[in-house]
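A.B. asks: This is the structure, below, for whatever I ask next.
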Amino acid sequence: MKRKIIALMTAFLTLAFMFGAKVSADTIKIVSDSTYAPFEFKDSDQVYKGIDVDIIKKAAEISGWDYKMTFPGFDAAVNAVQSGQADALMAGTTVTKERKKVFTFSDTYYDTKIVIVTRKQDKITKYSQLKGKTVGVKNGTAAQSFLEKHKDKYNYKIKSFDTGDSMYNSLESASVDAVMDDKPVAQYAINQGQNLRIEMNGEPIGSFAFAVKKGSKYEYLIKDFNKALKQMKADGTYDEIMAKWISSDDKKADTATAKGTGDATAKAKPVKDSYKIVMDSSFAPFEFQNDAGKYVGIDVDLIKAIAKQQGFDIKTENPGFDAALNTVQASQADAVMAGMSITDERKKIFDFSDPYYTSNTLLAVRKGSDVVSYKDLKGKKVGAKNGTASYAFLEKNKDKYGYSLKSFDEASTMYDSLNSGSIYALMDDEAVLKYAIKQGRQFETPIPGEKSGEYGFAVKKGSNPELIQMFNNGLAALKKSGKYDKIVNKYLSDNEKDSKSGTGVDESTIFGLLSNNYKQLLSGLGTTLSLAILSFALAMIVGILFGMMSVSPYKTLRVIASIFVDVVRGIPLMIVAAFIFWGIPNLIESITGHQSPINDFVAGTIALTLNGGAYIAEIVRGGIEAVPAGQMEASRSLGISYKTTMQKIILPQAFKLMLPNFINQFVISLKDTTIISAIGLIELFQAGKIIIARNYQSFRMYAILAIMYLVIITLLTRLAKRLEKRIN
């Protein structure tokens, strides 16, 4: 019976193999490079495209081929054809004498050159200008051979790279002065808006062709290809393909990453039930809380309108700018929309949408100031927020105009400093400044603005390409319908009624602030108390455990306790919280390939627990060691065990000594909750900052927060002292 089953299975597998071979024999397997734009590359929609892809598609249509095209990379593609695992090669392959011994080539379809490429701000028009400079080139290319051949003649240094990305990144960062690459590749990069230029005609190095293994049964494909190529050139299809990808004018190629790529009539298909979008928490007028505690702003309204127009669901959160960026990088959110400028540095980490807002930076001074130009700032102190285009501009020009520069972490503090006179002027985004002036800030902007860049919607590089496409399509549709202008004008219009929203309560008084914002403040207070109480309770368990270990008669336990205390106390609490919230999920994803987000409240609780536990461990150790050592010795000499001695004699006395310190540590833990706002948790302090971002009443709001903390801590301290008296 077993033999019959085995025989039947063998026959079935043989037939399946023969059938499968027949199917694959009818399908031409064409292999290509994986990253050689504009000839073949995978765009943000995760679909391969380019010159080679389009030519093969058209040739197959003309010749009646049933083909499958895969993109294993150039070397793997060449080897696949040589070993018979693939039938043909279309990968920007240069025809050479050596390759003709192995492959049969078609008529050439592109004559290529290699060119010297520099950054826009540099200009090299002849090779002699490369003297003493470093030139980058990819390994194994004709460009590398050319540079090696002429390096002694022109006295430049050569730096080799394995990939084009790393080479161009090095050029961008100025670690090389120029690079040499195929002209169509460099031209395509320029068409995509890269900071590059070509000033030399270049060196002709050969021509690209379609190829099959020499002597194989697929040589008929060469005849088909030649016939199709001839037809494409005759009917204009060939020229259309070339113009599409390597047109030398300023028009961008048709890719999802170029500007203005959205199709107002198209709708991309979402691949998730819902997308999590994170935003800044206090960047009016782009995102801020209105009087009712609801987030509004240009970014908020735009993303909601785009999601509705494109038909995908979103969930928005507002952890703050830095926290939002880190959350997307840690794969804990799908995208960030936070008035984020599109920069070359950020493009290395994020994939950006089409720009949705062009920003300018403006210099602001107090009303009545005599400043009319940057020269009038000589000897003055000027403020700007860290990491912004404003800061970069002021840093670049401070020696020219003779002012000093002071950095700030947030707008409200910077604006208060201008009000108080601790700085003479400040520079910030035009939209933010206009909004602040509408809210009553007594500022004026005497100098025309400086163009600072463009804002974009972003996802983690290589992820959620459909989200970028949906955003671009939706943005195009909103602009076409006029809804985009309505959203922007709602917040930036000169009409004060259009630019404000809320209940109309006067927030320039303490009573107005409280009556209009008490719900947000109470919500933040609830989070603060929950975080403090829960983390302190857990810290007591951790601290007592490690504290007992630190006085254990066993050396191993003492060493472990000592390491725990030293490590946790030696790292700032903010870094511990950031590592738990962003670092650990990133680490887990890099190991397992799966996203493992941690809730911000949970991360904050863990961070405060570890931090409090380390200090409580020292309190426990100190309390136990404060009990005279003779008591332990006397007890043990009477034959009482170590465990019983600790329970009955040492710990009761030590606890009374520890109690005041426990109370003090709880107060510290309550205050430390403000640090957890760095990871985006909306506790009491962060709630106050969000309210300030809307109304700019920083002095009054910080006074309210100070009083709230004072009342809560005083009540809890007195309650703890009453408990201490009862125990004593």
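The values are calculated or read from the model by the stated rules, or taken from the named source; none is laboratory data. Just so you know, these numbers come straight off a predicted model, no measurement behind them. Ideal geometry is used to build each Cβ from the backbone, glycine not excepted, and the neighbour counts take in all protein chains shown.
A.B. asks: Working carefully through the options F581, F536, find the one that is part of a helix (DSSP H, G or I), hydrophobic (A, V, I, L, M, F, W, C), surrounded by 15 or more Cβ atoms within 10 Å (Cβ to Cβ) and modelled with pLDDT under 85. So that I can check it myself, show each step before the final result.
C.D. replies: Values: F536 fails: modelled with pLDDT under 85.
From the options F581, F536, the qualifying one is F581.
A.B. asks: Here is a further query. When you check S175 against the structure, is it touching a residue at least 60 places away in the same chain (Cβ under 8 Å), touching a Gly at 6+ places or on another chain (Cβ under 9 Å) and at negative phi, yes or no?
C.D. replies: Working: touching a residue at least 60 places away in the same chain (Cβ under 8 Å): no; touching a Gly at 6+ places or on another chain (Cβ under 9 Å): yes; at negative phi: yes.
So S175 does not fit the description; no.
A.B. asks: Moving to a separate point now. Within the stretch 393-407, identify whether any single residue is closer than 16 Å to A364 by Cβ, modelled with pLDDT under 85 and out of contact with any His (no Cβ under 6 Å at 6 or more places or on another chain), and answer yes or no.
C.D. replies: There is no residue in the stretch 393-407 that is closer than 16 Å to A364 by Cβ, modelled with pLDDT under 85 and out of contact with any His (no Cβ under 6 Å at 6 or more places or on another chain).
A.B. asks: I'd like to check something: does the stretch 315-330 contain any residue that is in contact with a Gly (Cβ under 7 Å, 6 or more places away or on another chain) and either assigned to a loop (DSSP other than H, G, I, E, B) or over 29 Å from D301 (Cα atoms) (or both)?
C.D. replies: Checked against the condition, which is being in contact with a Gly (Cβ under 7 Å, 6 or more places away or on another chain) and either assigned to a loop (DSSP other than H, G, I, E, B) or over 29 Å from D301 (Cα atoms) (or both), the stretch 315-330 yields at least one hit.
A.B. asks: Something else about it: In the stretch 280-298, is there at least one residue being outside the structural domain of A431 (by TED's automatic domain parsing), without any contact (Cβ under 8 Å) to a residue 40 or more places away in the chain and not in a loop (DSSP other than H, G, I, E, B)? Break it down stepwise before answering.
C.D. replies: Keep residues of the stretch 280-298 that are outside the structural domain of A431 (by TED's automatic domain parsing), which gives 280-298.
Remaining after also requiring without any contact (Cβ under 8 Å) to a residue 40 or more places away in the chain: 294-295.
Narrowing further to those that are not in a loop (DSSP other than H, G, I, E, B): 295.
Looking for residues that are outside the structural domain of A431 (by TED's automatic domain parsing), without any contact (Cβ under 8 Å) to a residue 40 or more places away in the chain and not in a loop (DSSP other than H, G, I, E, B), one finds at least one in the stretch 280-298, hence yes.
A.B. asks: Within the stretch 670-685, how many residues are modelled with pLDDT under 80 and surrounded by 23 or more Cβ atoms within 10 Å (Cβ to Cβ)?
C.D. replies: Final tally of qualifying residues: 5.
A.B. asks: What residue, of D376, D313, D370, is of a type in the set (D, E, K, R) and within 26 Å of Y275 (Cβ to Cβ)?
C.D. replies: On the way: D376 fails: within 26 Å of Y275 (Cβ to Cβ); D370 fails: within 26 Å of Y275 (Cβ to Cβ).
Matching residue, one of D376, D313, D370: D313.
A.B. asks: Could we say that I277 is buried (at least 24 other Cβ atoms within 10 Å of the Cβ), under 25 Å from D428 (Cβ atoms) and not small (G, A, S) here?
C.D. replies: On the way: buried (at least 24 other Cβ atoms within 10 Å of the Cβ): yes; under 25 Å from D428 (Cβ atoms): yes; not small (G, A, S): yes.
Taking the combined requirement at face value, the residue satisfies it.
A.B. asks: What's the number of the condition L545 fails, among (1) surrounded by 15 or more Cβ atoms within 10 Å (Cβ to Cβ); (2) modelled with pLDDT under 80; (3) over 34 Å from the mean Cα position of the chain (by Cα)?
C.D. replies: Among (1) surrounded by 15 or more Cβ atoms within 10 Å (Cβ to Cβ); (2) modelled with pLDDT under 80; (3) over 34 Å from the mean Cα position of the chain (by Cα), the lone unmet condition for L545 is (2).
A.B. asks: Then there is this: Tell me, please, whether a residue that is free of Cβ contacts under 8 Å to residues at least 60 places away in the same chain and surrounded by 15 or more Cβ atoms within 10 Å (Cβ to Cβ) can be found in the stretch 190-197.
C.D. replies: Going through the stretch 190-197, the residues free of Cβ contacts under 8 Å to residues at least 60 places away in the same chain turn out to be 190, 194.
Pick out the ones that are also surrounded by 15 or more Cβ atoms within 10 Å (Cβ to Cβ) and you get 190, 194.
Checking the stretch 190-197: at least one residue is free of Cβ contacts under 8 Å to residues at least 60 places away in the same chain and surrounded by 15 or more Cβ atoms within 10 Å (Cβ to Cβ).
A.B. asks: Regarding the stretch 353-366, can at least one residue be identified that is within 9 Å of the chain's Cα centre (by Cα) and among the basic types (K, R)? Please lay out each step first, then the result.
C.D. replies: Here is the first cut: in the stretch 353-366, the residues within 9 Å of the chain's Cα centre (by Cα) are none.
No, the stretch 353-366 contains no residue that is within 9 Å of the chain's Cα centre (by Cα) and among the basic types (K, R).
A.B. asks: Can you list the strands (runs of 3 or more DSSP E) found entirely within the stretch 54-139 that contain at least 2 residues being closer than 22 Å to A189 by Cα and in contact (Cβ under 8 Å) with a residue 60 or more places away in the chain?
C.D. replies: In the stretch 54-139, the matching strands (runs of 3 or more DSSP E) lie at 103-119.
A.B. asks: Can you tell me which residues in the stretch 211-238 are part of a helix (DSSP H, G or I) and either of a type in the set (S, T, N, Q) or farther than 12 Å from I55 by Cβ (or both)? Please lay out each step first, then the result.
C.D. replies: Our first condition is that a residue be part of a helix (DSSP H, G or I); within the stretch 211-238, this holds for 220-235, 237-238.
Hits for the stretch 211-238 are Y220, L221, I222, K223, D224, N226, K227, K230, Q231, A234, D235, T237.
A.B. asks: What number of residues within the stretch 15-50 satisfy the criterion of being part of a helix (DSSP H, G or I) and at pLDDT 90 or above? So that I can check it myself, show each step before the final result.
C.D. replies: Taking the stretch 15-50 and keeping what is part of a helix (DSSP H, G or I), we get 15-26.
With the extra rule that they be at pLDDT 90 or above, the set shrinks to none.
Here the count works out to 0.
A.B. asks: Hey, could you check the stretch 147-168 for residues that are assigned to a helix (DSSP H, G or I) and buried (at least 17 other Cβ atoms within 10 Å of the Cβ) and say which is modelled with the lowest pLDDT?
C.D. replies: Our first condition is that a residue be assigned to a helix (DSSP H, G or I); within the stretch 147-168, this holds for 147-154, 164-168.
Checking which are buried (at least 17 other Cβ atoms within 10 Å of the Cβ) leaves us with 147, 164, 167-168.
Details: L147: 89, G164: 71, M167: 79, Y168: 80.
Ranking the candidates gives G164 first.
A.B. asks: Go through the residues of the stretch 372-390 one by one and say whether even a single one is in a loop (DSSP other than H, G, I, E, B), of a type outside the set (V, I, T) and surrounded by 20 or more Cβ atoms within 10 Å (Cβ to Cβ). Steps first, please.
C.D. replies: Filtering the stretch 372-390 for residues in a loop (DSSP other than H, G, I, E, B) gives 372-373, 378-380, 386-388.
Checking the rest, the ones that are also of a type outside the set (V, I, T) come to 373, 378-380, 386-387.
If we keep only those that are surrounded by 20 or more Cβ atoms within 10 Å (Cβ to Cβ) too, we end up with none.
Scanning the stretch 372-390 turns up no residue that is in a loop (DSSP other than H, G, I, E, B), of a type outside the set (V, I, T) and surrounded by 20 or more Cβ atoms within 10 Å (Cβ to Cβ).
A.B. asks: Also: Here are some conditions: (1) at pLDDT 85 or above; (2) touching a helix residue (DSSP H, G or I) at 6+ places or on another chain (Cβ under 9 Å); (3) part of a helix (DSSP H, G or I). V432 meets all but one. Which one does it not meet?
C.D. replies: Status for V432: all satisfied but (1).
A.B. asks: While we're on this one: Suppose we filter the stretch 420-429 for residues that are of a type outside the set (A, V, I, L, M) and part of a strand (DSSP E or B); how many remain? Even if it seems obvious, please write down each step before you answer.
C.D. replies: In the first step, residues of the stretch 420-429 are kept if they are of a type outside the set (A, V, I, L, M); the result is 420-422, 424, 428-429.
Filter once more, keeping what is part of a strand (DSSP E or B): 428-429.
The qualifying residues number 2.
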